[in-house]
Protein chains: 2
Amino acid sequence: MTDRFSPSAGEQALANVRVVLVRTTHPGNIGAAARAMATMGLRELVLVAPRRFPDPEAVARAANAAPLLDRARVVGSLGDALNGCTEVVGLSARPRVFAGRVSAIRDAARSAAAQALHSPVALVFGTEMSGLSNEELARCGVVATIPTDASHGSLNVAAAVQVACYEMRMASIGGEVWHAPRFPAASHDEIERLYAHAEQTLAAMHFLDPRMPRRLLPRLRRLFARAGLEKEEVNILRGILARIDQVLARRKGR
Amino acid sequence: MTDRFSPSAGEQALANVRVVLVRTTHPGNIGAAARAMATMGLRELVLVAPRRFPDPEAVARAANAAPLLDRARVVGSLGDALNGCTEVVGLSARPRVFAGRVSAIRDAARSAAAQALHSPVALVFGTEMSGLSNEELARCGVVATIPTDASHGSLNVAAAVQVACYEMRMASIGGEVWHAPRFPAASHDEIERLYAHAEQTLAAMHFLDPRMPRRLLPRLRRLFARAGLEKEEVNILRGILARIDQVLARRKGR
């Protein structure tokens, strides 16, 4: 639907979203995070004091998103990473005593997406072992958390980036997805002729008592109404009925 | 909130959700998928003809979810994996000509979560390179797709498992998350005394013209109303004002 030469407002908002990874330990996670961002239409990655970067493992896990990794900015402090951002969302799995606004990521993404229509926003993710420090989190106006089964550990950092970027996309652009191709629908009268044919054939097979058709035909109508019949499907079903008619006629003829 | 000894209906529904990975190539992805499931409260993993399993790389990436990996069932065919399931959701990034019901994962998860209250359901994920085959997808009553920026590749399989399990949890249990602890709120009269004090001190500092207070005080009221003041914060602010009062008095005294 989207014209590639004029990005929608939602796409422009996603281009305003910066993903900031703080002191990431494993380069594989940086690569996987880049891939997660790219699949959701995010482009801007900032790395605060990564332990190993650049690194071939990051490139391998980034797959198609290697260009995003090439453009990633490496900075020394979280403050440098956040320059210019008007909304900063820090992800945290653990409860923190001094957190201000805390929301589930779905709500935080809605607010950040609205802000990103006008100015840069950041999603900030901490280190693998312990997340963001309290000092880092204090720089985040909003603390967002991904609902989890707390008894079973926390998400891998790239998995958290995937969920957060997915929610940013859902909030900015919505859940438009591909549709299965539609084939021409059968018309009302084509469908009624199918039912008439079916009734006749089922009676000829003695599967249907024409004086007591109560349950069978309404059930068949319900089933096919739910499915929404196409022209070609009506033709297939009538072909099957016609073949049964032939078999019955031959047997009768014997 | 939840009593661990009596799981909620939503938790029981999640226990009814089977994740099926078909012909997974990299054992690291199996481990990461297990971790993704565990964080969202899913327990049952079935592997159809995995290339390498068990494998130490799977255990490493599973982190805390290694027990879930130990319990994983390995089967030879997708049919075996789906026995007993009343709703089968196949994940597909690519459009398919013969797909029946196609939905975004959020809608598919709502429907599957409702079904899982009563009977087993499956989420089915294909191989890394090409996803589910058309024959495999034909066994899935629902095709679900994760909205993506199609020009930037598809999600890693474990990342797709993470998003799908997250949506299953949101649909079953909702987005309940930890809250920052609340400290005792300031009362209306405490806050009004703060504003009275502030007005007095700001006037004494000649920052506020008491005959023209129009913009400043309403702005301050608006700011603090948005924040929702706590008792201790009122005390801190009044302490600052009192300190300013002292400084002013001393200067005047000189």
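The values are calculated or read from the model by the stated rules, or taken from the named source; none is laboratory data. The structure displayed is predicted, hence computed values, not measured ones. Neighbour counts run over all protein chains shown; Cβ positions are idealised from the backbone, glycine included. All accessible areas refer to the heavy atoms of the entire protein, side chains included, with ligands and DNA or RNA removed. Shrake-Rupley method; radii C 1.70, N 1.55, O 1.52, S 1.80 Å.
Please work out which one of (1) open to solvent by less than 10 Å² (accessible area, probe 1.4 Å); (2) in a helix (DSSP H, G or I); (3) more than 9 Å from chain B (Cβ to nearest Cβ) is the condition A:E135 fails and give its number.
Answer for A:E135: the failing condition is (1).
Do we have any residue at all in segment A:3-11 that's at pLDDT 95 or above and of a type outside the set (D, E, K, R)?
no
Working carefully through the options A:L91, A:L78, A:L82, A:L123, find the one that is closer than 28 Å to B:F183 by Cβ, within 14 Å of chain B (Cβ to nearest Cβ) and in contact (Cβ under 8 Å) with a residue 40 or more places away in the chain.
A:L91
What is the one condition in (1) modelled with pLDDT under 80; (2) more than 7 Å from chain B (Cβ to nearest Cβ) that A:W178 does not satisfy?
(2)
How do the pairs read when you match residues in segment A:4-15 that are of a type in the set (S, T, Y) with residues anywhere that are modelled with pLDDT under 90 and open to solvent by 40 Å² or more (accessible area, probe 1.4 Å), using Cβ under 8 Å and keeping only pairs 6 or more apart or on different chains?
Once the first residue is of a type in the set (S, T, Y) and sits in segment A:4-15, its partners that are modelled with pLDDT under 90 and open to solvent by 40 Å² or more (accessible area, probe 1.4 Å) give A:S8/A:T2.
Run down A:G141, A:G175, A:G131, A:G126 and say which single residue is under 29 Å from the mean Cα position of the chain (by Cα) and on the phi > 0 side of the Ramachandran plot.
After ruling out the rest, the residue left standing is A:G131.
Of the numbered conditions (1) touching a residue at least 40 places away in the same chain (Cβ under 8 Å); (2) assigned to a helix (DSSP H, G or I); (3) open to solvent by less than 60 Å² (accessible area, probe 1.4 Å), B:R110 satisfies every one except a single condition; which is it?
Every listed condition holds for B:R110 apart from (3).
Within segment A:200-239, how many residues are open to solvent by less than 90 Å² (accessible area, probe 1.4 Å), under 44 Å from the mean Cα position of the chain (by Cα) and farther than 21 Å from B:G141 by Cβ?
7
Across segment A:161-171, what is the number of residues that are open to solvent by 30 Å² or more (accessible area, probe 1.4 Å) and either among the hydroxyl-bearing types (S, T, Y) or modelled with pLDDT under 95 (or both)?
0
State whether one or more residues within segment B:45-68 are farther than 19 Å from B:A158 by Cα, in contact (Cβ under 8 Å) with a residue 12 or more places away in the chain and within 22 Å of the chain's Cα centre (by Cα).
No; the residues of segment B:45-68 include none that is farther than 19 Å from B:A158 by Cα, in contact (Cβ under 8 Å) with a residue 12 or more places away in the chain and within 22 Å of the chain's Cα centre (by Cα).
Which residues, counting only those in segment B:159-175, are of a type in the set (S, T, N, Q) and either more than 7 Å from chain A (Cβ to nearest Cβ) or not in a helix (DSSP H, G or I) (or both)?
The answer is B:S172, and nothing else.
Select, from B:E199, B:E192, the only residue that is in contact with a helix residue (DSSP H, G or I) (Cβ under 9 Å, 6 or more places away or on another chain), of a type in the set (D, E) and either touching a residue at least 24 places away in the same chain (Cβ under 8 Å) or more than 10 Å from every other protein chain (Cβ to nearest Cβ) (or both).
B:E199
In segment A:144-158, is there at least one residue being open to solvent by 30 Å² or more (accessible area, probe 1.4 Å), at pLDDT below 95 and more than 10 Å from every other protein chain (Cβ to nearest Cβ)?
Scanning segment A:144-158, I find no residue that is open to solvent by 30 Å² or more (accessible area, probe 1.4 Å), at pLDDT below 95 and more than 10 Å from every other protein chain (Cβ to nearest Cβ), so the answer is no.
Scan segment B:98-156 for residues that are among the aliphatic types (A, V, I, L, M) and touching a His at 6+ places or on another chain (Cβ under 7 Å) and report the count.
Count: 1.
Which residue out of A:L208, A:L248, A:L241 is at pLDDT 90 or above and either farther than 28 Å from A:D107 by Cβ or in a helix (DSSP H, G or I) (or both)?
Answer to the check: A:L241.
Could you pull out the residue among B:S103, B:S151 that is without any contact (Cβ under 8 Å) to a residue 12 or more places away in the chain and either at negative phi or charged (D, E, K, R) (or both)?
Being without any contact (Cβ under 8 Å) to a residue 12 or more places away in the chain and either at negative phi or charged (D, E, K, R) (or both) holds for just one of B:S103, B:S151, which is B:S151.
Every residue in segment B:115-127 that is part of a helix (DSSP H, G or I) and in contact with a helix residue (DSSP H, G or I) (Cβ under 8 Å, 6 or more places away or on another chain), please.
B:A116
Which of (1) small (G, A, S); (2) open to solvent by 20 Å² or more (accessible area, probe 1.4 Å); (3) facing chain A (nearest Cβ under 8 Å) does B:A104 not meet, given it meets every other one?
Tallying (1) small (G, A, S); (2) open to solvent by 20 Å² or more (accessible area, probe 1.4 Å); (3) facing chain A (nearest Cβ under 8 Å), B:A104 fails exactly one: (2).
If I filter segment B:177-194 for residues that are open to solvent by 80 Å² or more (accessible area, probe 1.4 Å), among the basic types (K, R) and in a loop (DSSP other than H, G, I, E, B), do I get at least one hit?
There is at least one residue in segment B:177-194 that is open to solvent by 80 Å² or more (accessible area, probe 1.4 Å), among the basic types (K, R) and in a loop (DSSP other than H, G, I, E, B).
For segment B:144-169, give me each residue that is touching a Lys or Arg at 6+ places or on another chain (Cβ under 7 Å) and within 23 Å of B:G10 (Cα to Cα).
B:E167
Kindly check whether there is at least one residue in segment B:93-100 that is farther than 24 Å from A:A158 by Cα, touching a Cys at 6+ places or on another chain (Cβ under 9 Å) and surrounded by fewer than 17 Cβ atoms within 10 Å (Cβ to Cβ).
Among the residues of segment B:93-100, at least one is farther than 24 Å from A:A158 by Cα, touching a Cys at 6+ places or on another chain (Cβ under 9 Å) and surrounded by fewer than 17 Cβ atoms within 10 Å (Cβ to Cβ), which makes the answer yes.
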